[in-house]
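Asker: Handing you a structure now.
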Amino acid sequence: MKKAAALASLALFATACGGGTAESPAGKPVTGGTFTFALAADPGVLDPAKGVMSVTNTVLSLAYDTLISIKDDGTVQPQLAEKWDVKPDQVTFTLRKDVTCSDGAKLTPSDVAANVNHIVDPASKSPIYGVLVPAGMTAKADDAAGTVTLATAKPFSFILESSRLIFIVCGKGVKDRDSIARASSGTGPYVLSEAVPGDHYTFKARRDYAWGPDGATGKDIPDQVVAKIVPNEQTAANLLISGNINAATFYGPDRTRLEAMPGLTKRFPSAGNGQFFYHQGDDRPTHDPAVRKALTQAVNLKELAGIASSGTGKPTTGLVLQPRPCTGDTVTGHLPAFDEAAAAAALGAAGWKAGADGIRVKDGKRLTLRYLYATTRGAGVQAAAEYLAAAWKKAGAEVKLNGVIDTKLSESLNATQDWDVVWLPIGVTLPSQLVGFLSGPAAPKGANFAHLDNARYVELTTEAIGKPGPEGCKLWEQAESALFDNVDMVPVSDTTVLEASKGVTYQSLAGLFIPSSLRLTQGG
């Protein structure tokens, strides 16, 4: 049940995927000051073991480090761990000896092991278990040797890479997880100093920080970082233009005016796929693969992609965020082509006959589709919902649109199951992180929110999970394609966003700050 909620949140995990340095036109870097950025929603509980929403993880990235980090090109580099030894079913990390927690305590291998074992413990009910932390993983520390070993019962192809998103709690927070619901206890270059839910979160710099990527320190970072909760994009745009904030991410119509505005640094990273899933519960019309195929044929996916992304998207080639460990195109050639006549014929052949009002009926039941989507993803997603409703109405389906905020989306996926089609972006960094959501026990008992039952996907992922490198990637890619062949889900576009900033430079990757790179600039 928790994992279904996790997917709704992971849908929003990467508000600005990709990375690189934002080179500001404002001027030379300056020391000190306050960097303020807009968050579209409150991050909620700040315990990393419960952090799955993009806004939560963006905030956590300021105060917590990971064992390894990833460069823009996907290369693994040291962070808390200075080196590692990888075997098919385990990885042993040797920790740096100079790392301290925000409360002054020294980071130990036992701290790292305690983090992993806490997440794995069923009592923690951690939603990242089985997603960011592989199912069945164990952690064993050797404090004398300065090492910690993460192991799985069977070979796991991404055993090293899986640690890149596990934020490490240290110090007092290790034993008292309740204490970090609205506080921080990490090794990162910032420590949370004030939390006002629904309004702002303030972080203060740790000048003693000296273990960032490539030797980065806390010497020149801003004195404070403020995450300001700004749900309305127009308000965020106005705050950015007036200089009241330094950065924000834009999906909607304000993106256009900001793109044309001088004096701002602009990046256009990927925000994951725009895509929709069909609910395959036994009582749903989309349980029938013929209906799923027909409904997909009724939609011009190229037009839909332009609408959903407001003309700023790119063709989608897979389900995992960049930089991907497996780079093949899993989408092209695996979805039915746009053909309204074929769609109508297929629905008729499946027993859905047009009624007097044009809505198809089978066994006395109308072809009704409840379409669920999040209202926080910009005007394009709303327009896409209306476009799909019109296309499916033309094919003979009655469509009921239900736009909700993120928390309600999670509730619908997890508990109420009151939907038939859902627009749900995905923000995962490894293909293995999707398996629990796209197979296995169905919600609400399991994480399989759409009740998928794709035997080919299960077969391929089961084989792939134990094979590293190109051999494993070939299987992971075939598994993704099997989902599209069965029309279990329909990827539409690789959505980009505008990440606009003023008076600041920084690096980010997969929606997370590299906080040691933050620099305010003159003229901002």
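The values are calculated or read from the model by the stated rules, or taken from the named source; none is laboratory data. As the structure is a computational prediction, the values presented were derived from the model and not from experiment. No Cβ is skipped: glycine too gets one built from the backbone with ideal geometry, and neighbour counts run over all protein chains shown. For accessibility, only protein heavy atoms count, side chains too; no ligands or nucleic acids. Shrake-Rupley method; radii C 1.70, N 1.55, O 1.52, S 1.80 Å.
Asker: ³J(HN,Hα) across the range 140-145 via Karplus (A = 6.51, B = -1.76, C = 1.60, θ = phi - 60°), whole Hz, x for Gly/Pro?
Answerer: For the range 140-145, the Karplus-derived couplings read 10, 9, 10, 5, 5, 8 Hz, x marking Gly and Pro.
Asker: Taking a ≥ b ≥ c as the square roots of the eigenvalues of the Cα gyration tensor of the range 55-144, is the shape rounded (a/c under 1.5), prolate (a/b larger than b/c) or oblate? Could you put the intermediate results ahead of the total?
Answerer: Numbers: a/c = 1.13, a/b = 1.10, b/c = 1.03.
Taking the square roots of the gyration eigenvalues as a ≥ b ≥ c, the range 55-144 is rounded.
Asker: Let me ask something else about it. Could you name the aspartates and glutamates in cross-link range of Lys293, using Cα to Cα under 13 Å and dropping any fewer than eight places away on the same chain?
Answerer: In chain and number order, the partners are Asp339, Glu340, Asp485, Asp488.
Asker: Please enumerate, by chain and number, the lysines with C-alpha under 21 Å from the C-alpha of Lys219, excluding those fewer than 8 residues away in the same chain.
Answerer: Lys28, Lys97, Lys106, Lys204
Asker: How big is the shadow of the Cα convex hull of the range 379-433, averaged over all directions, in nm²? Numbers along the way, then the final one.
Answerer: Working: hull surface 20.6 nm².
The orientation-averaged projected area of the Cα hull of the range 379-433 comes to 5.1 nm².
Asker: Let's test the formula: R0 of 56 Å, r as the Cβ-Cβ distance of Lys266 and Lys353. What FRET efficiency results, to the nearest 0.05?
Answerer: On the way: r = 52 Å, r/R0 = 0.93.
That pair, Lys266 with Lys353, gives E of 0.60.
Asker: Stretch Lys97-Thr416 to full length: gain in nm at 0.36 nm per residue minus the Cα-Cα span? If you can, show how the numbers build up before the last one.
Answerer: On the way: separation 319, 0.36 × 319 = 114.84 nm, distance 4.87 nm.
Working it through step by step, the gained length comes to 110.0 nm.
Asker: Choose one of Gly378, Leu460, Ala105: the residue whose Cα lies farthest towards the positive end of the charge dipole of the chain (beta-carbon charges +1 Lys, Arg; -1 Asp, Glu; about the Cα centre).
Answerer: Of the listed residues, the answer is Gly378.
Asker: Continuing with this model, one more query. Tell me the accessible surface of Lys502 in square angstrom (1.4 angstrom probe, heavy atoms of protein chains only), to the nearest ten.
Answerer: 50
Asker: Could I ask something else about it? Which stretch or stretches of the range 453-468 have amide N atoms under 16 Å from the point lying 7 Å from Thr138's Cα along the Cα→Cβ direction?
Answerer: No residue passes the distance filter.
Asker: Just how large is the dipole of the range 374-524 about the Cα centre, in debye to the nearest 20, putting +1 at every Lys and Arg Cβ and -1 at every Asp and Glu Cβ?
Answerer: Numbers: 11 positive and 16 negative charges, 101 e Å.
Dipole size: approximately 480 debye.
Asker: Sticking with this structure for a sec: Helix-only mean residue ellipticity at 222 nm, the chain, DSSP H runs n ≥ 4 weighted -39,500 (n - 2.57), per residue, nearest 500. What is it?
Answerer: On the way: 13 runs with 128 residues, N = 524.
Theoretical 222 nm ellipticity from helices: -7000 deg cm²/dmol.
Asker: So how strong a dipole does the range 378-463 carry about its Cα centre when Lys and Arg Cβ are +1 and Asp and Glu Cβ are -1, to the nearest 20 debye? Please list the in-between numbers first.
Answerer: Values: 6 positive and 9 negative charges, 34 e Å.
Value, rounded to 20: 160 debye.
Asker: Can you tell me, using C-alpha contacts under 8 Å and at least 6 residues apart, the relative contact order of the chain as a whole percent? Mind showing how you got there, number by number?
Answerer: On the way: 1261 pairs, mean separation 136.0, N = 524.
So the answer I get is 26 percent.
Asker: Another question, if that's okay. Rounded to the nearest Å, what's the spacing between the alpha carbon centres of the range 478-524 and the range 351-381? Just the number, please.
Answerer: Result: 32 Å between the Cα centres.
Asker: With a Förster radius of 30 Å, plug the Cβ-Cβ distance of Ala379 and Asp199 into 1/(1 + (r/R0)^6) and report the FRET value to the nearest 0.05.
Answerer: Numbers: r = 26 Å, r/R0 = 0.86.
Plugging the Cβ-Cβ distance into 1/(1 + (r/R0)^6) gives 0.70.
Asker: If you don't mind, there's one more thing I want to ask. Name the residue from Asn486, Leu518, Thr202 whose Cα lies farthest towards the positive end of the charge dipole of the chain, charges +1 on Cβ of Lys and Arg and -1 on Cβ of Asp and Glu.
Answerer: Thr202
Asker: Between Ala455 and Gln522, what is the label-to-label distance in nm when each label sits 7 Å out along the Cα-to-Cβ direction?
Answerer: Spacing of the two 7 Å Cα→Cβ label points: 7.0 nm.
Asker: State whether the range 365-500 is rounded, prolate or oblate according to the following rule on the C-alpha gyration tensor (a ≥ b ≥ c being the square roots of its eigenvalues): a/c under 1.5 gives rounded; otherwise a/b larger than b/c gives prolate, and the remaining case gives oblate.
Answerer: On the way: a/c = 1.82, a/b = 1.54, b/c = 1.18.
Prolate, because a/c is 1.5 or more and a/b exceeds b/c.
Asker: Right, next: Rounded to a whole number, what % of the accessible area of the chain do carbon and sulfur atoms account for, probe 1.4 Å? Please list the in-between numbers first.
Answerer: Working: 10680 of 19990 Å².
Carbon and sulfur atoms account for 53 percent of the accessible area of the chain.
Asker: Among Met53, Pro441, Ala350, pick out the residue whose Cα is farthest towards the positive end of the charge dipole of the chain, where Lys and Arg carry +1 and Asp and Glu carry -1 on C-beta, about the Cα centre.
Answerer: In the chain, that residue is Met53.
Asker: Give me the Debye-computed log₁₀ of I(q)/I(0) at q = 0.12 Å⁻¹ for the chain, equal point scatterers on Cα only, no solvent, two decimals.
Answerer: -1.11
Asker: Could you tell me the largest-minus-smallest coordinate of the C-alpha atoms of the range 249-299 on each of the three principal axes, in descending order and whole angstroms?
Answerer: Principal extents (largest minus smallest coordinate, Cα): 55, 19, 14 Å.
Asker: Here's something else I'd like to know. Pairs Lys87/Lys474; Lys83/Lys125; Lys314/Lys445; Lys83/Lys140; Lys50/Lys83: which exceed 25 Å Cα-Cα?
Answerer: Numbers: Lys87/Lys474 20 Å; Lys83/Lys125 31 Å; Lys314/Lys445 36 Å; Lys83/Lys140 17 Å; Lys50/Lys83 27 Å.
Correct reply: Lys83/Lys125; Lys314/Lys445; Lys50/Lys83.
Asker: Please report, in debye to the nearest 20, how large the charge dipole of the chain is about its Cα centre when each Lys and Arg carries +1 at its beta carbon and each Asp and Glu carries -1 there. Could the numbers behind the result be given before it?
Answerer: Numbers: 50 positive and 52 negative charges, 87 e Å.
My answer is approximately 420 debye.
Asker: Could you report the accessible area of Glu161 in Å², rounded to 10, computed with a 1.4 Å probe on the protein chains as they sit in the structure?
Answerer: 60
Asker: Right, something else. Give me the one-decimal nm value for the distance between modelled label points at Asp72 and Lys172, 7 Å along each residue's Cα-to-Cβ direction.
Answerer: Once both label points are built, they end up 4.1 nm from each other.
Asker: Here's another thing I want to ask about it. Asp89 to Val45: FRET efficiency via 1/(1 + (r/R0)^6), r the Cβ-Cβ distance, R0 41 Å, to the nearest 0.05? Spell out each step's value before the answer.
Answerer: On the way: r = 32 Å, r/R0 = 0.79.
With a Förster radius of 41 Å, E is 0.80.
Asker: Full-extension gain between Ser242 and Asp363, please, as 0.36 nm times their residue separation minus the C-alpha to C-alpha distance. Present the calculation step by step, with values, prior to reporting the outcome.
Answerer: Details: separation 121, 0.36 × 121 = 43.56 nm, distance 6.01 nm.
Full-extension gain reported as 37.5 nm.
Asker: Remind me, relative contact order of the range 348-434 in percent, using alpha carbon pairs under 8 angstrom and six or more residues apart?
Answerer: Relative contact order, the range 348-434: 31 percent.
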